[in-house]
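Values quoted throughout were computed directly from the atomic coordinates according to the rules given, and no laboratory measurement underlies them. Since this is a predicted model, take the numbers as computed values, not measurements. Methodologically, a virtual Cβ is constructed for each residue, glycine included, from the backbone with ideal geometry; neighbour enumeration extends over all protein chains shown.
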Amino acid sequence: MELEKLFLTKEEIPILHYRCFQIPIHPKLLDPNIQLNPRIAKEIFPKVAEEWQDELKNKFPSGWGDNIQTLDNGFVCGFSISRDYGGTLYFDKSDSNCTSLIPTKMINFSQDKVKEFENKNKKIWTYAPHNIDYFPGALFLRNWVIKYMNEVLQELL
């Protein structure tokens with residue numbers, strides 16, 4: 001599949017019930033034999049904040065930050081904007097909350113795109129949410145991770 005068709009879009013990743021969404025992870029990004037730039041998520045954070053402000057037409061909350069954790073290959077396995085009131089997205093292969101079967105209302109992929117993102121078990125790796133209680137946090141995290149995934153896919157493929 002062409003690189004541009006692998007990019008994630010906001011339309012493919014809707015936010016349901018004001019705070020629920022799933023971000024799929026391309027399996028190649030989890031390959032321990034590749035090396036990704038671990039700074040990408042922090043570098044795109046200000047741009048995501050600007051876009052988020054435009055979408056919400058609201059003042060950016062103070063106290064939010066670009067807190068990330070990475071795997072050994074540089075892939076970001078944890079995104080947090082604020083432990084207390086923003087929420088977190090995390091990925092852990094051993095956690096069943098980090099997989100999804102398709103079809104689902106939370107990932108609107110074509111069948112071709114599903115095949116590209118499926119792992120060996122015919123499931124899709126996803127980030128799992130933690131403490132995302134409100135729409136502003138969900139919107140920010142979703143947009144940040146979509147932008148991150150598209151950046152790392154460009155770097156990898």
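What angle do you read, to the nearest 10 degrees and between 0 and 90, between the alpha-carbon axis of helix 135-156 and the longest principal axis of the chain?
Helix 135-156 sits roughly 40 degrees off the main axis of the chain.
Given the C-alpha centroids of the range 86-143 and the range 20-81, what is the distance between them in whole angstrom?
14 Å
Multiplying the sequence separation of Gln53 and Leu3 by 0.36 nm and subtracting their Cα-Cα distance, what value in nm do you get?
That works out to 15.2 nm of additional length.
Work from the charge dipole of the chain (Cβ charges, +1 for Lys and Arg, -1 for Asp and Glu, about the Cα centre) and give the residue of Ala49, Leu156, Phe117 farthest towards its positive end.
Farthest towards the positive pole: Phe117.
Residues in the range 69-87 near a label at Lys42, defined as backbone nitrogen under 17 Å from the 7 Å Cα→Cβ point?
69-82
Which links in Lys57/Lys93; Lys122/Lys147; Lys5/Lys105; Lys42/Lys120; Lys47/Lys123 stretch past 27 Å when you go from one Cα to the other?
Values: Lys57/Lys93 36 Å; Lys122/Lys147 25 Å; Lys5/Lys105 20 Å; Lys42/Lys120 30 Å; Lys47/Lys123 31 Å.
Result: Lys57/Lys93; Lys42/Lys120; Lys47/Lys123 exceed 27 Å.
Using +1 on the beta carbon of Lys and Arg, -1 on that of Asp and Glu, and nothing else charged, what's the dipole of the range 22-156 about the Cα centre, debye to 20?
300 debye
What angle do you read, to the nearest 10 degrees and between 0 and 90, between the alpha-carbon axis of helix 40-56 and the longest principal axis of the chain?
Taking Cα atoms only, the helix is inclined about 60 degrees.
Ranked by Cβ crowding within 10 angstrom, fewest neighbours first, how are Ser96, Ser80, Ser110 ordered? It would help to have the intermediate numbers written out before the result.
Details: Ser96 8, Ser80 19, Ser110 11.
If I rank by nearby Cβ atoms, fewest first, I get Ser96, Ser110, Ser80.
Would you mind estimating how fast the range 95-157 diffuses translationally, via Stokes-Einstein at 37 °C and 0.692 mPa s with the Kirkwood radius over Cα pairs, in µm²/s?
Working: Rh = 13.2 Å.
My calculation gives 248 µm²/s for D.
To the nearest 500 deg cm²/dmol, what mean residue ellipticity at 222 nm is calculated for the chain from DSSP H runs of n ≥ 4 alone, each contributing -39,500 (n - 2.57), summed and divided by the residues?
So the calculated ellipticity at 222 nm is -10000 deg cm²/dmol.
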